[in-house]
Amino acid sequence: NCYYYMFSSCTSLEDAPALPATTLADACYWSMFYACKSLVNAPALPATTLAQDCYNQMFVYCHSLKEAPALPATTLAYHCYDQMFKYCTSLVNAPELPATTLADGCYSSMFYECTSLVNAPALPATDLADYCYSNMFARTSLVNAPVLPATTLASFCYTNMFGGCTSLVNAPELPATTLASNCYYGMFSGCTSLVNAPELPATTLALSCYRTMFKGCT
């Protein structure tokens with residue numbers, strides 16, 4: 001918790017200090033710039049191996065932030081990017097997310113209500129984790145969904161991933177044949193522009209796997 005909430009609600013802060021650390025600790029940057037509404041430039045984040053909750057809520061309510069820093073990490077940790085850019089309403093470009101092995105809740109609500117975000121980064125992971133993508137792009141302006149290549153799912157992995165994405169017209173292919181409890185729960189809930197649903201090839205289902213998956217898709 002070394003920098004926990006360090007600049008929280010510093011509403012006049014425009015530039016962040018350099019953060020050169022490559023070895024992180026649990027919750028080290030948690031909410032560091034929370035509600036810094038004038039922050040324009042995010043610091044470089046060079047770490048490639050993350051720690052539990054290290055970037056959790058780091059830039060929540062940074063309404064002036066347009067560009068996300070590069071996130072080169074390939075080894076993720078428990079809830080490492082959870083809510084990292086939540087409510088960053090000016091964020092236009094998401095960073096590349098090269099990790100192929102995920103951790104529980106790693107991307108949960110990462111871009112929640114980033115209303116200027118139109119394009120999603122590639123998500124190459126085939127080895128998923130519980131809650132890994134839950135609410136990741138919920139209530140954004142996403143037009144094109146990323147490819148989701150995983151064939152074996154985890155509990156709540158795609159829960160509400162695109163909930164309220166009213167500009168989303170086409171759903172990604174969902175090739176998974178091994179499901180998990182609540183895996184697709186609310187995935188496209190409130191996607192009122194969605195025209196075509198994906199094929200769902202699984203023949204063996206899991207508890208609440210498709211619950212409210214297309215709720216409100218009029």
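Observations
- Label point distance in nm, Asp15-Asn119, each placed 7 Å from Cα along Cα→Cβ: 2.9 nm
- Around the Cα centre of the chain, unit charges on the Cβ atoms of Lys, Arg, Asp and Glu (plus for the first two, minus for the last two) sum to a dipole of about 460 debye.
- Against the criterion of solvent-accessible heavy-atom surface with a 1.4 angstrom probe, Lys66, Lys37 sort, most first, into Lys66, Lys37.
- Eligible aspartates and glutamates near Lys215 by straight Cα distance, threshold 20 Å, same-chain separation 8 or greater: Glu113, Glu173, Glu199
- Dividing the mean sequence gap of close Cα pairs (under 8 Å, 6+ apart) by how many residues the chain holds gives a relative contact order of 12 percent.
- For the chain, the carbon plus sulfur part of the accessible surface works out to 50%, probe radius 1.4 Å.
- Accessible surface calculations at 1.4 Å, restricted to protein heavy atoms, place the stretch 1-44 at 56 Å² per residue.
- The three principal axes of the Cα atoms in the stretch 2-84 give end-to-end lengths of 33, 19, 19 Å, sorted in falling order.
- Close amide H partners of Ala202, meaning residues 5 or more places away or on another chain with modelled amide H under 5 Å apart, do not exist here.
- Hydrodynamic radius by Kirkwood, which averages 1/r over all alpha carbon pairs of the stretch 151-205, in angstrom: 11.5 Å
- With the simple spin-label model, which puts each label point 7 Å out from Cα in the Cβ direction, the Glu67 to Thr151 separation comes to 4.0 nm.
- Working from Cα pairs under 8 Å separated by at least six residues, relative contact order for the stretch 115-218 is 24 percent.
- Backbone N under 19 Å from the Thr177 label point (7 Å along Cα→Cβ), restricted to the stretch 120-155: 126-128, 148-154
- Whole-Å distance, taken between Cα centres, linking the stretch 61-124 and the stretch 24-54: 12 Å
- Per residue, the accessible area of the stretch 72-184 comes to 34 Å², computed with a 1.4 Å probe over protein heavy atoms only.
- Accessible-area order (highest first, 1.4 angstrom probe) of the listed residues Cys10, Cys54: Cys10, Cys54
- For the stretch 116-218, the average shadow cast by the Cα convex hull is 5.3 nm², which is a quarter of the hull's surface.
- Spin-label model, Ser141/Leu205: points 7 Å from Cα along the beta carbon direction are separated by 3.7 nm.
- Based on the Kirkwood approach, the hydrodynamic radius assigned to the chain is 17.3 Å, with every pair of different Cα atoms included.
The values are calculated or read from the model by the stated rules, or taken from the named source; none is laboratory data. These numbers were taken from a predicted model, which means no experiment stands behind them. Using ideal geometry, Cβ is built from the backbone for each residue, glycine included, and neighbour counts are taken over all protein chains shown. Heavy atoms of the whole protein, side chains included, go into the accessibility calculation; ligands, DNA and RNA do not. Shrake-Rupley method; radii C 1.70, N 1.55, O 1.52, S 1.80 Å.
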